[in-house]
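Read the structure below first, then the notes.
The values are calculated or read from the model by the stated rules, or taken from the named source; none is laboratory data. Given the structure is predicted, the values throughout are model-derived calculations rather than measurements. Cβ: placed from backbone, ideal geometry, glycine included. Neighbour counts: every protein chain shown. The protein model used for the area step is the full one, side chains on, heavy atoms only, and it has no ligands, DNA or RNA in it. Shrake-Rupley method; radii C 1.70, N 1.55, O 1.52, S 1.80 Å.
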Amino acid sequence: MPLFTELSYRKIIVKVLTSCCIGFILACSGTQIYEQIGAIEELDPAFRDLVTKDAKVEIIADGFEWSEGPLWVESEQMLLFSDIPNNAIFKWTEKNGKELYLKPSGYTGEIPRGGELGSNGLLLDKTGYLILCQHGDRRIARMEAPINKPESKFTTLAGEYQGKKFDSPNDAVLHPSGDIYFTDPPYGLEKYIDDSTKAAPYQGVYRVGTNGKVDLLVDSINRPNGIGLMPDGKTLLVANSESEKAVWYAFDLGTGDSLTNARIFFDASSYAKTTPGGPDGFKIDKAGNMYATGPGGIWFFNKDAKPLGRIKLPVASSNCALSADEKTLYITADMYLLRVKLR
């Protein structure tokens, strides 16, 4: 039996000709057309204040092992994001697409090791320097190079608490005061929760102050992951990425190092039983709307935890980032970098 039928050859020829025509048109117009993925679902009419009815989910880059930690850098008009297993940070721009930005990004040791060793969450401090959650080096670090001239030279901002080394700092958020709040689950340890180098018997949520002092804020969340602050800086939200308890928690920031009024912001445990993914990274806009990776894709909540809509994806999503004008959402999802033009 022939490997290709006549019909198969015709389909191949049509596909090649079509690709050539599209490529010629795009070259002439200067417009890039991206493959689309997933679907957008409205759960409340207020969703359309955030996302237009004709919005699409575009694959703007792919080929990553596990993409994470996206950060929009307005001054450079670029998106930075981690590829954790590859110990690298990539950048994406409209002009050049994806490019390697920094390697190594999360593990700078000389002894070879496996596991999720790269950087994860990324943010800018108040002076514009890049702050990294480094799995392999098990610390919160600052890159000692300008954002437009990256080098793998880092200063440790926080590496331990009371003499116990962190597991693998995962995600972080900057408070208006300059303090950094971050989560420390065991995902970056080579043997995960049973790793012999795990120092603390819990997974923590911490704060490192501008003076370098580290405070443990929460030790009762089994898998603290995404973290964010409401616009007024008075409410801290933390995602728990356990599939059995897929919950976003909220806390009021009290005086000193205290968190008060612990409560559930939203419980998605029932959804996590039937759809891939769980509460992971998220972002909060200036109005208090929350864009959160969760079971099945990206969840949109208003400031009162009411679900407004979802971006349903066929792969697990890990995190997201907003452009400076909050009109574009970038999503890291497995091997993809995705974009949704919101409004």
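Points worth noting:
- Filter on Lys53/Lys149; Lys303/Lys327; Lys95/Lys149; Lys56/Lys303; Lys165/Lys286 - keep pairs with C-alpha separation over 29 Å: Lys53/Lys149; Lys165/Lys286
- Each peptide in 190-197, 64-71 gets a packing score, the mean of other Cβ atoms within 10 Å over its residues, and the list from highest to lowest is 64-71, 190-197.
- Approximate spin-label separation Thr52-Thr127, in nm, with each point projected 7 Å along Cα-to-Cβ: 4.1 nm
- Quotient of the Cα radius of gyration of the chain and 2.2 N^0.38 Å, N being its number of residues: 1.03.
- Per residue, the accessible area of the range 138-234 comes to 43 Å², computed with a 1.4 Å probe over protein heavy atoms only.
- Note on surface exposure: Arg339, Arg263 rank Arg263, Arg339 by accessible area, highest first, 1.4 Å probe.
- Cα-based helix-to-principal-axis angle, 6-29 vs the chain, degrees rounded to 10: 70 degrees
- Put a dot 7 Å past the Cα of Ile264, heading toward its Cβ, do the same for Asp44, and the two dots end up 1.8 nm apart.
- The slack in the chain from Asp232 to Asp194, taken as 0.36 nm per residue of separation less the alpha-carbon distance, amounts to 9.8 nm.
- The range 276-343: C-alpha gyration tensor shape, a/c 1.5 cut-off, then a/b vs b/c: oblate
- Residues whose placed amide H lies under 5 Å from that of Phe265, excluding near-sequence neighbours: Trp248, Tyr249, Ala250
- Cα gyration tensor, the range 184-266 - rounded (a/c under 1.5), prolate or oblate: oblate
- Length available on full extension from Ala287 to Gln162: 0.36 nm per residue minus the Cα-Cα distance, which gives 41.3 nm.
- Across the accessible surface of the chain, with the other protein chains kept in place and a 1.4 Å probe, carbon and sulfur atoms take up 52 percent.
- Relative contact order of the chain: 15 percent, from C-alpha pairs under 8 Å at least 6 residues apart in sequence.
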